[in-house]
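We did not get these values from a lab; they are worked out from the coordinates using the rules stated. These figures come from a predicted structure and were not determined experimentally. Note: ideal-geometry Cβ built from the backbone for every residue, glycine included; neighbour counts use all protein chains shown.
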Amino acid sequence: MKTKVVNYPDLIKARDRSASKTTFSHAKIAHFDQMLKIAKGKKYYIHTYGCQANVRDEETMRGMLESVGYVQSDIPDEASVIIINTCAVRENAEDKVYGEIGNLKRLRKQNKNLVLAICGCMVEQPEILEILQKRFPEVNLYFGTHEIDQLIDLVYEVINNDFRLISIESKKGEVIENNSVSRNNNYKAYVNIIYGCDKFCTYCIVPYTRGKERSRKFNDIMDEVRELKKQNYQEITFLGQNVNAYGKDLDEGHDFADVLEEAAKMGIPRIRFTTSHPWDFSSKMIEVIAKYDNIMKCIHLPVQSGSDEVLRLMGRRYNREKYLSLVKEMREKIPGLSLSTDIIVGFPNETEEQFNDTLSLVDIVKYESAFTFIYSPRRGTPAAKIPDNVSYADKSRRFKELVKHLEVNIEKDALTYVGGVYKVLVDGESKTDKNMLSGYTESNKLVHFKGDSSLVGKIVKVKINESHTYSLLGELVNE
Ligand code: SAH
Ligand code: SF4
Ligand code: F3S
């Protein structure tokens, strides 16, 4: 089979931030009518890896596929379109994708008309795209994070031609509105506010895979929030690789604090956001979070390391002292604040002393939850070129030690909930016990309790009786 390349990814272009202002356009599907006939009675299967940005992209792809008549399926064998939406942030995320495609490629032999597509962050890296093409000649569509809005036309082209299609453009300062969406959930929603990342932390591939920072227009965001409120959504989460950068690329005069405040006034019961880079977290944001009851007092504030030297090498633009003084300001101004973080252990040449700085920072901040990672070199990033003298055994040992330190505080914090009554947004059956429901407190603690499934999607009061490291056990309080 021949390959048609519309655009091929290029890391040099992906790194370029010289593009002028963000431009806006509306999604259009050229072959909409033809696809209505083709998709009728057919199914699609999507599997998404990675962060909330990818989950939200999946919702857009589902919305588009459903708009022409495809129906979702959890069984790849019965699907006419299979999409694997990938993540590139660490090697283990990529390994899982290789495994899954290895299992799915047989389906193309059984069904010549099957569209087998790979999209998301992995294919934005030229060298990975080469590997994928060599290992999986069965895959007949590759598209990037900037081509989501073109999905239907790409599928149409693959179905009507005998070639493999690659459409991955590395540079675009564009925001596309009006895409369809089929949300995963009818009471909790993700709302994109800014795409891309311009921070270029030296270890991170995301600025290359997601491109330049592009904010959505303030009114487009507010229209989406208003619509969600009308549909009785209980919780929205504003999404961006760095939400604090919102508006800096526009001339609208609105910043992220304005987005939070305007949304809070609309009265959605729970407003969350992720992620905030510590570097440009403004005092104005802190004040708005403190002021509105429906903005959750939860801040995800990735620290990555507690060592000044490692932070400098990571290109994080703050040091330990600045981070700690930001935490202090937040804790003073936002009573009941719950802080979470991301931490990387084993950055190239990290010394035992530098690692101990991370442990001591963790002990000072007292996070209520944390995501911890062992450093994974990403080809094309500056850190990947640094020769590393730390063995993997040392990195794993440090990782375990860090988790132990974090858990001491997480457990202590969980214990403070026992005896109290908390508002819980009910998600559904507990994953571990079918007779129990589960949901999250405002501070994002997982709670299990007995209750009727009619409570799903509602905010209820739960009295906490027992605490575990990563969850609480309680009982419904009848009002
Ligand atoms: N934009 C978000 C994070 C996106 S990636 C932010 O800056 O907070 C999520 C987390 O993955 C990062 O916070 C970091 O801790 C981790 N990460 C990113 N690149 C990594 C790498 N090369 N190796 C290990 N962990 C990494
Ligand atoms: Fe990656 Fe840093 Fe951007 Fe987060 S802020 S996505 S860690 S480059
Ligand atoms: Fe992964 Fe891409 Fe998100 S690399 S973490 S899916 S932005």
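Tabulated results
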| read-out | value |
| --- | --- |
| Cα-based convex hull, the range 9-51, per residue volume (Å³, whole number) | 182 Å³ |
| Using distinct alpha-carbon pairs, which all enter the 1/r mean, Kirkwood radius of the chain in Å | 23.9 Å |
| Helix 218-230 vs. the chain, principal-axis angle (Cα, 0 to 90°, nearest 10) | 80 degrees |
| Net charge contributed by nearby residues that have their C-beta within less than 12 Å of Val456 (K/R +1, D/E -1) | -1 |
| FRET efficiency, Asn356 to Tyr98 (Cβ-Cβ, R0 25 Å, nearest 0.05) | 0.10 |
| No Cys partner within the rule (Cβ under 4.7 Å), the chain | Cys51, Cys87, Cys119, Cys121, Cys197, Cys298 |
| Linear extension gain, Val477 paired with Lys248, 0.36 nm per residue minus alpha-carbon span | 77.9 nm |
| Radius 12 Å from Cβ of Ser443, net charge of other residues (Lys, Arg +1; Asp, Glu -1) | +2 |
| Nearest-0.05 FRET efficiency for Gln133 and Ser391, computed from C-beta distance (R0 35 Å) | 0.55 |
| Peptides ranked, highest mean first, by Cβ atoms within 10 Å: ranges 238-249, 180-191 | 238-249, 180-191 |
| Percentage, to the nearest whole number, of Cα pairs in the range 421-476 over 18 Å apart | 16 percent |
| Candidate lysines - alpha carbon under 23 Å from Lys105, same-chain residues fewer than 8 apart omitted | Lys2, Lys4, Lys42, Lys43, Lys96, Lys134 |
| Rounded tilt (10° steps) of 91-104 against the dominant C-alpha axis of the chain | 40 degrees |
| Size of charge dipole - the chain - debye, nearest 20, with Cβ of Lys, Arg +1 and Asp, Glu -1, no other charges | 700 debye |
| Inter-site label distance for Gln231 and Lys333 at 7 Å from Cα along Cβ, in nm | 3.3 nm |
| Ordering of 172-179, 423-430, 24-31 by burial proxy (mean other Cβ atoms within 10 Å per residue, highest first) | 423-430, 172-179, 24-31 |
| Theoretical gain in end-to-end length, Asp74 to Lys109 [0.36 nm per residue, Cα-Cα removed] | 10.6 nm |
| At most 11 other Cβ within 10 Å, DSSP loop - trypsin sites (Lys or Arg not before Pro), the range 50-132 | Lys112 |
| Gyration tensor verdict on the range 1-132 (Cα atoms; rounded if a/c is under 1.5, prolate if a/b is larger than b/c, oblate otherwise) | oblate |
